[in-house]
Amino acid sequence: MPAPPERSAVTDSVAPGFRAPSTEYDDHQPTVEGSIPEWLSGTLLRNGPGLFEAGDRRVNHWFDGLAMLRRYAFDAGELRYSNRFLRSDAYADARAGQLTGQFGTDTRGWRRLVDTLTSLGLPEPTDNANVHVARVDGEYIALTEAPRRVAFDPDTLETRGEFRFADDLPEHITAAHLVRDPHRKEWIGFTTEFGRRPQYHIYRVPAGSRRREPVASLDARGPAYIHDCSITADHVLLVESPLVLSVWRALDPRSQGAIDMLEWQPDRGTRLLVVDRETGALVAEPTLPATFCFHHVNAFVDGEAGEIVLDLIEFPNNEIVGAMSMAELDGEGFPEVPDGRLMRYRIDPAAGTVDRSRRYDGGMELPRVPRAVTGRRHRFAYGQATHREGQNGVVKVDFETGTAHEWWEESVFVEEPIPVQRPGGDSEDDGVVLATALDVDRERTALLVFDAETLAVEARAWLPHAEPFGFHGRFFRD
Ligand SMILES: [Fe+2]
């Protein structure tokens, strides 16, 4: 096992969720309280920042922490845990004492401008793929918003090298969130291209292929920073908030990276882009008052009403982006981060009207629906509940009854909850919800297995250390 990063004095002063672990574990068997269902067979792979320093410097923004992969393998009621830093070029730079930050971390002196432009994908974007994972054409890949992907071994978490799509789709910024359509067995994603006429390029990747096929190219206004998308059986949906990527702002000598390219221009409003998956036609593009969104929940066509329903997590403005800076996160307790609101949009493409309503009173982020209902009508959504001080919970929202059920525990910060349905199960919430959770008082992370129906904790597996907070993951069945 290669030497893990050493702890520095600076890391000890910060909350355990933002501190590099000192060990890379390999197939560690954690102590389990309760019992893991025997049917649960497969591997949860998660990604997120794990190393925050190089030399004596700390990254400025949480999004710039260096990627650490986490693996939770389930087999016949047993769990094995591994964690490993992605051996990217950015990681090698960091171990050599250089931070090649991207989002909000100033880089190497006079090269700052070059690096800032580089962070747009010109000509050498970062390979610090710390946001998400996917399996494309049999290859497991780590993804970020710079257009580079890194392949890794799903069993050992060893880095295999750069993954390249077999096409030349233009991309200066790309989505780390790919949407897997289990019905058509294809991935849907998008890229952003700068230039005189900025474009969003929506693409599909069919099963067994690593060639992205264009679905649509749309004129981008701004262009905007867009983090995620959603699909119905017939559509792809993007939310273009007025958080604009301005190349001119990056030229400001005080700029600290891509975050300083972001300009909130609320007068533009927020445009919903509804694209026909077959023809690529823009079916509807209603503009609403300004809001910001990282994550979509799901979308579907409501056959009876002929409307398109889109659920997402919405913020009133862009404050959430700045609140994720390390200066905020390293302070006493957690910053006053605005709560995400679960909203339902009903879009009538014929009439061009949109109805908008809030579906959960609490704060919510990192939403997920069971995989089988992706692009189809969902009854339930799970997410991180965020509105209490000193803890994050889990929430299960029932759209049919209009009720929500929450789980909380003192000093415990739950991360992205991932529903996994029981094979052959007879209802949407027949299964489990998997979530890592850091107990900040015990300075230890546990993998929690919740009953997806009741949110009762069926099993709690104590990992051998405190994991830094991650972003996203997927469960891959055996
Ligand atoms: Fe995300």
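A compact table of results
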item	result
Residues that are crowded, with 20+ Cβ neighbours inside 10 Å and either touching a Lys or Arg at 6+ places or on another chain (Cβ under 7 Å) or acidic (Asp, Glu) (or both), drawn from region 216-228	Asp228
Unmet requirement for Leu312, which otherwise passes all of (1) farther than 28 Å from Asp429 by Cβ; (2) modelled with pLDDT of 95 or more	(1)
Criterion (touching a helix residue (DSSP H, G or I) at 6+ places or on another chain (Cβ under 8 Å) and either in contact (Cβ under 8 Å) with a residue 12 or more places away in the chain or aliphatic (A, V, I, L, M) (or both)) met by exactly one of Phe413, Phe380	Phe413
Qualifying residue in region 438-453 (condition: free of Cβ contacts under 8 Å to residues at least 40 places away in the same chain, closer than 29 Å to Asn128 by Cβ and in contact with a Leu (Cβ under 6 Å, 6 or more places away or on another chain))	yes
Selected residue (criterion: modelled with the lowest pLDDT) from residues of region 213-230 that are part of a strand (DSSP E or B) and within 16 Å of the ligand (Cβ to nearest atom)	Ala224
Residue in region 175-185 that is of a type in the set (A, V, I, L, M, F, W, C), within 16 Å of the ligand (Cβ to nearest atom), surrounded by 19 or more Cβ atoms within 10 Å (Cβ to Cβ) and assigned to a strand (DSSP E or B) present	yes
Single condition Arg210 does not satisfy, out of (1) more than 16 Å from the ligand (Cβ to nearest atom); (2) within 26 Å of Phe471 (Cα to Cα); (3) not in a loop (DSSP other than H, G, I, E, B)	(3)
Total residues in region 291-328, condition assigned to a helix (DSSP H, G or I) and within 16 Å of the ligand (Cβ to nearest atom)	3
One residue from Gly161, Gly138 being closer than 18 Å to Ala207 by Cα and exposed (fewer than 14 other Cβ atoms within 10 Å of the Cβ)	Gly138
Residue list for region 343-373, filter: of a type in the set (D, E, K, R), under 24 Å from Arg271 (Cβ atoms) and either within 16 Å of the ligand (Cβ to nearest atom) or assigned to a loop (DSSP other than H, G, I, E, B) (or both)	Arg359, Glu365
Conditions (1) at pLDDT 95 or above; (2) closer than 26 Å to Arg71 by Cα; (3) of a type in the set (D, E, K, R); number of the one not met by Asp441	(1)
Val133 touching a Ser or Thr at 6+ places or on another chain (Cβ under 9 Å), among the hydrophobic types (A, V, I, L, M, F, W, C), at pLDDT 60 or above and crowded, with 21+ Cβ neighbours inside 10 Å	no
Some residue of region 275-284 being within 16 Å of the ligand (Cβ to nearest atom), under 22 Å from Val369 (Cβ atoms) and buried (at least 21 other Cβ atoms within 10 Å of the Cβ)	no
Residue match in region 10-26 (condition: assigned to a strand (DSSP E or B), in contact (Cβ under 8 Å) with a residue 12 or more places away in the chain and over 20 Å from Val457 (Cβ atoms))	no
Of all residues in region 399-408 being touching an Asp or Glu at 6+ places or on another chain (Cβ under 9 Å) and either outside any loop (DSSP other than H, G, I, E, B) or small (Gly, Ala, Ser) (or both), the one that is nearest to His378 (Cα to Cα)	Ala404
Residues of region 143-174 classified as over 19 Å from Tyr91 (Cβ atoms), modelled with pLDDT of 95 or more and assigned to a strand (DSSP E or B), total	0
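Matching residues to (1) in a strand (DSSP E or B); (2) small (Gly, Ala, Ser); (3) surrounded by 23 or more Cβ atoms within 10 Å (Cβ to Cβ); (4) within 16 Å of the ligand (Cβ to nearest atom):
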{"site": "Gly375", "(1), (2), (3), (4)": "no, yes, yes, no"}
{"site": "His378", "(1), (2), (3), (4)": "no, no, no, no"}
{"site": "Glu389", "(1), (2), (3), (4)": "no, no, no, no"}
{"site": "Glu410", "(1), (2), (3), (4)": "no, no, no, no"}
{"site": "Pro419", "(1), (2), (3), (4)": "yes, no, yes, no"}
{"site": "Asp429", "(1), (2), (3), (4)": "no, no, no, no"}
{"site": "Arg442", "(1), (2), (3), (4)": "no, no, no, no"}
{"site": "Val449", "(1), (2), (3), (4)": "yes, no, yes, no"}
{"site": "Glu467", "(1), (2), (3), (4)": "no, no, yes, no"}
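The values are calculated or read from the model by the stated rules, or taken from the named source; none is laboratory data. Small disclaimer: the values here were computed from a predicted structure and weren't measured. Virtual Cβ from ideal backbone geometry, glycine too; neighbours counted across all protein chains shown.
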